[in-house]
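First comes the structure, then the notes that go with it.
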Amino acid sequence: MLYLLDASAIINNPYFSFSKKDKYACTLEVLHELKSFEVKALAENALKMKILRVYRPKHKYIKDAEKMAKRHGFERLSKADLSVIALALQFKNEGKQFLVVTDDYSIQNFLLTESVEYLAPVQGKIKESISFERFCPVCKKKFFEKQRNNECPDCGIRLSSRRVKLSEHN
């Protein structure tokens, strides 16, 4: 099996280890998030043994991930998070059999909306997918794109945002 790793999969799980019978993938941005000596050494050893491979997602999929994040109101995703989402979209489009391993709820949210299978080893899977919508508290107009100065173009009031449940998952 091919496992696409997010940094949270390794950092949050003190029992994580690479199995020689499986293959693992991550992005360079994920490797840069691995800070502790133990976790870095674990990843470096897997790279040397060719169990772990570093991929660079194609530009198209990075742009797709950025558009998805913007559309759903997730403006604070890290480059590493976007790279994992982009690589998952790329693998899915290429027809690869893989599972994403992540405890990051934002990444899980996107994987659910795109019907990508994932494991959440420590914190568990999210119960619902969400999006964030921006709206004007005065005129009630909704905005799906970021507005200049985060203000309503009609009345100039600062926009508010709220969570919107997309679907529930068991």
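Where a number appears in this text, it was derived from the coordinates with a stated rule and is not lab data. What you see is a predicted model, and the numbers here were worked out from it, not measured in a lab. Cβ placement follows ideal geometry from the backbone for every residue including glycine, while neighbour counts extend to all protein chains displayed.
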The chain - mean residue ellipticity at 222 nm from DSSP helices (-39,500 (n - 2.57) per run, n ≥ 4, rounded to 500): -10500 deg cm²/dmol
Net +/- balance of residues flanking D104 in space, Cβ distance below 11 Å, scoring K and R +1, D and E -1: -4
Cut-off 11 Å between beta-carbons: net charge of the residues surrounding K50, Lys and Arg +1, Asp and Glu -1: +4
Rg [Å, one decimal], Dmax [Å, integer] - region 1-68, C-alpha atoms: 12.7, 36
Computed P(r) (all Cα pairs; region 2-119; 5 Å bins; percent): 2, 12, 24, 26, 20, 11, 5, 1
